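All remarks here apply to the structure that follows.
The values are calculated or read from the model by the stated rules, or taken from the named source; none is laboratory data. Note that this is a predicted model, so its numbers are computed, not measured. Don't worry about glycine lacking a Cβ; one is built from the backbone with ideal geometry, like all the others, and counts go over all protein chains shown.
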Amino acid sequence: MPKEYKTPKLDELEKGPWPSFVKEIKLAAKKSEMSNDLLGQLEQSYNEKLGHWKHGGIVGVMGYGGGVIGRYSDLPDKYPSVSHFHTIRVNQPSGWFYTSDALRTICDIWEKHGSGLTNMHGSTGDMVFLGTTTDHLEPVFKDLTEAGWDLGGSGSDMRTPSCCVGPGRCEWACYDTLQRCYDITMRYQDELHRPAFPYKWKFKFAGCPNDCVASIARADISVIGTWKDDIRVDADQVKTYADEGLDIFNDVVLNCPAKCMRYDGEKKEISIDNKDCRRCMHCINVMPKALRPGVEQGATILIGAKAPIVEGALLSSVLIPFLDIDDEEEFEAFCDLIEEMQDVWCEEGKNRERVGEFIQRVGMGNFLEAVGVEPIPEMVAYPRDNPYVFYEDFYEDEDE
Amino acid sequence: MAMTVDQIADAMYKEVEEATNFGKKLKPMDLTKAMLKAYEEEGVDKKMCKSAIKNLVDSGRLVYTYFGGSYLELPHREGAAND
């Protein structure tokens, strides 16, 4: 008979109309002793305002250095079923497209080898399996690989690349995010499974500037879809929006960050000064039937974002303003540049220093020189900002 | 004479063994840099070092560990493990 824990503090988190992880753990606890002890330990942590997990260490599967995050309870006698509570990251499919069959298979595997609790999905994008013991790691890995799955990244390796649904479901995708995410995952299997970097390295692929995977805030390399030419305007649909009551002047024109739009209320016509457009997508999002991205599409490559862990948060900044990333040759050149940047970072980066922090420390000018990229004015941290590269010629002219 | 991947792996293993004696942890890049410094003239390059690390891990002579970052260590009983 499993021990029944009183959990008044956790119970508070079941109240309200939103999903509750407590409710899910309680459901799992009916079948899993591990989930039951998890409730007990969590309640104790909430009471004491103290975590009771020991993190890290040696656990993993043979040959891999990533994909398993070791976790032990520091109260093993009180909560024996969570004495080991390791996390497994499983590489998600591009765009998180699953068949029901696939989901049933992975859930069956996890109920057989672990707590049955999952996190769909972790912030890196992987499927996260929460809670198993060391002796189940190899068997769960075997079952997963036999069913066609693989582990994701963890530690100082290339983390599991992720992408938005892209052309699979979204008409705004400016390149094939699903394909390129898959290509990068397969190309860098060694970097994904065998940590060799100073710290983590994340790729995120967003199909348009809406950036649904938040790559600009979290990825060391953000690949964000964009277009080079003019926004396509359907004049009839603009009139329809106006007739249906959309306040185009206030809700579209005044919200344009570049102030590059004009609206003629009498003629119900919109005009855009495209050379000043910042590709923010706001107008397109408000009037999706009337406005569309241009036809010359590709991606902007940005570098250096990170969430705050060791140091504060960084947003990524532009490295390559426009790349036709669907083109195989340009994609190869992109990969060559990635490898060059990783080499420089591995050579000179400090332990636990993300590439964005490394660039801050050595200076973007020096970094670009080391990776063999010519500085250009479009390399800016924010649209219409000053470029951060200062040309030596400029100083020489000034000195003279 | 040019070094083989197996010889590099042995040299790496020795480095890790010595570091362990001093209570120090080494990252894969530390090992690669040490090998390049010592044996670059004998034809050792980054690719060979990568293969050597793969051999060491696949054979179980070294294991990856995580303590705020990823390291390569000799297999040992996990200090935090609740046996």
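Given the structure, is A:Leu144 within 26 Å of A:Gly57 (Cβ to Cβ), touching a residue at least 40 places away in the same chain (Cβ under 8 Å), touching a strand residue (DSSP E or B) at 6+ places or on another chain (Cβ under 6 Å) and of a type in the set (A, V, I, L, M)?
In short, no.
Scan A:Ile88, A:Ile106 and give me the residue that is crowded, with 22+ Cβ neighbours inside 10 Å and at pLDDT 95 or above.
A:Ile88
Would you say A:Ile106 is assigned to a helix (DSSP H, G or I) and closer than 24 Å to A:Lys26 by Cβ? Explain how you work it out, then say what you get.
Numbers: assigned to a helix (DSSP H, G or I): yes; closer than 24 Å to A:Lys26 by Cβ: yes.
The answer is yes for A:Ile106.
For the list (1) closer than 30 Å to A:Gln44 by Cβ; (2) within 19 Å of the chain's Cα centre (by Cα), I need the number of the one condition that A:Lys112 fails.
If we test A:Lys112 against (1) closer than 30 Å to A:Gln44 by Cβ; (2) within 19 Å of the chain's Cα centre (by Cα), just (2) comes out false.
Looking at A:Asn250, is it in contact with a helix residue (DSSP H, G or I) (Cβ under 7 Å, 6 or more places away or on another chain) and either without any contact (Cβ under 8 Å) to a residue 40 or more places away in the chain or in a helix (DSSP H, G or I) (or both)?
Answer is no for this residue.
I need the full set of residues from the stretch A:1-20 which are over 18 Å from A:Asn47 (Cα atoms), in the same structural domain as A:Ser35 (by TED's automatic domain parsing) and loosely packed, with under 14 Cβ neighbours inside 10 Å, in order please.
Result: A:Lys15, A:Gly16, A:Pro17, A:Trp18, A:Pro19.
Select from the stretch A:149-175 the residues that are of a type in the set (A, V, I, L, M, F, W, C) and within 20 Å of A:Asn119 (Cα to Cα) and write down the one among them that is nearest to the chain's Cα centre (by Cα).
Looking at the filtered set, the residue picked out is A:Cys163.
Please enumerate the residues belonging to the stretch A:299-342 that are within 14 Å of chain B (Cβ to nearest Cβ) and modelled with pLDDT under 95. If you could, list the steps in order and put the result at the bottom.
Step one: of the stretch A:299-342, the residues within 14 Å of chain B (Cβ to nearest Cβ) are A:309-311, A:339-340, A:342.
Matches in the stretch A:299-342: A:Ile309, A:Val310, A:Glu311.
Hey, among A:Lys54, A:Lys49, which residue is assigned by TED's automatic domain parsing to the domain that holds A:Ala29 and surrounded by fewer than 17 Cβ atoms within 10 Å (Cβ to Cβ)?
Answer to the check: A:Lys49.
If you scan the stretch A:54-68, which residues turn out to be in contact with a helix residue (DSSP H, G or I) (Cβ under 8 Å, 6 or more places away or on another chain) and within 8 Å of chain B (Cβ to nearest Cβ)?
Listed by number, the residues that qualify are A:Val59, A:Gly60, A:Met62, A:Gly63, A:Tyr64, A:Gly65, A:Gly66.
Just a yes or no: is a residue in the stretch A:262-274 touching a residue at least 40 places away in the same chain (Cβ under 8 Å), surrounded by 15 or more Cβ atoms within 10 Å (Cβ to Cβ) and outside the structural domain of A:Trp172 (by TED's automatic domain parsing)?
Among the residues of the stretch A:262-274, at least one is touching a residue at least 40 places away in the same chain (Cβ under 8 Å), surrounded by 15 or more Cβ atoms within 10 Å (Cβ to Cβ) and outside the structural domain of A:Trp172 (by TED's automatic domain parsing), which makes the answer yes.
Here's the yes/no breakdown for (1) over 27 Å from A:Glu353 (Cα atoms); (2) not in a helix (DSSP H, G or I):
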residue: B:Asp6; (1), (2): yes, no
residue: B:Ala11; (1), (2): yes, no
residue: B:Glu15; (1), (2): no, no
residue: B:Met35; (1), (2): no, no
residue: B:Tyr39; (1), (2): yes, no
residue: B:Ala52; (1), (2): no, no
residue: B:Leu56; (1), (2): no, no
residue: B:Tyr64; (1), (2): no, yes
residue: B:Glu78; (1), (2): no, yes
